[in-house]
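Structure first, commentary second.
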Amino acid sequence: MNLSQYGIFQENVLWNPVAAVLYADALAHDSAAISSTGALMTNSGLKTGRSPKDKRIVEDAETDQDIWWGSINMKTDAETFARNRQRAIDYFNMCDRLYVVDGFAGWDEECRVKVRIICTRAYHALFMRNMLIMPTDSELRDFGQPDYVIFNAGKFPCDPKIGTHTSSTSVSLSFAARAALMPPPLFPAVRWMGTAILPLADEALACRQLLAMGAQRVMIVAPQLSSRTEPDALDLAAACMTPGTDAKAPPQAVVL
């Protein structure tokens, strides 16, 4: 697969490899093991969770008024994002192999988002095969350009002296660039990326899923307004979903 459009000139690229290939590579290159139930086990390193204090969203005209900025949704700037993305790209060009996973976020064909993950570790690629809907052969042939690209630089740290970052870990999202960065932690912290991207990309995705399940009112859960630590958001969520509330009220958007 040719990744030159991103400045990546690595020739050894595995594009949407099947799970068996990723198992074999994880065993060979990531010190992984297989459990008694057949699950792949590996050590993600120092950071084993989502590293919430290292999450950043690029502040720009698209996000300035749509995100509840604070200690959870922290700002970064476009220059910092671009410099760290280049740092990740430089690392990709030094690696022995890369994995690319193209998939869909969202089951509704009219609303789903095309996502491309570029990563250096087999278990990260395997994780994304579970997180996304894998395209059929014909869908993969017609996949075209993704809506978002996630640059997962694996073991390579970001520079804590660059811009708004305070550690060697960076989980950054730019809606303008339609891209996300994940230098360490090695834990594939993409769930936050998915919940951030989907509601802003198309709120109809969440609406259609809930309506298809028989919901009469829809509450959009989106990370741009609040966080799990905001009690007002939790109260609003409860009010939105409580039977007997005003059925004509518009859908609400809260962050959980």
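Things worth noting here:
- Ordered by the count of other Cβ atoms within 10 Å of each Cβ, fewest first, 1, 131 give 1, 131.
- Here's the picture: charge each Lys and Arg Cβ at +1 and each Asp and Glu Cβ at -1 in segment 42-157, and of 91, 145, 72 the one pushed furthest to the positive end of that dipole is 91.
- Under the combined filter of DSSP loop state and at most 15 neighbouring Cβ atoms within 10 Å, segment 78-110 retains these GluC sites (Glu not before Pro): 109, 110.
- When +1 charges are put on Lys and Arg Cβ atoms and -1 charges on Asp and Glu Cβ atoms, the dipole computed for segment 1-158 relative to its Cα centre reaches about 740 debye.
- Relative compactness, segment 1-146, computed as alpha-carbon Rg over 2.2 N^0.38 Å: 1.18
The numbers here are math on the coordinates, done by the rules we state, and not lab data. Worth saying up front: this structure is predicted, and the values here are computed from it rather than measured. All Cβ positions, glycine included, derive from the backbone under ideal geometry; neighbour counts span all protein chains shown.
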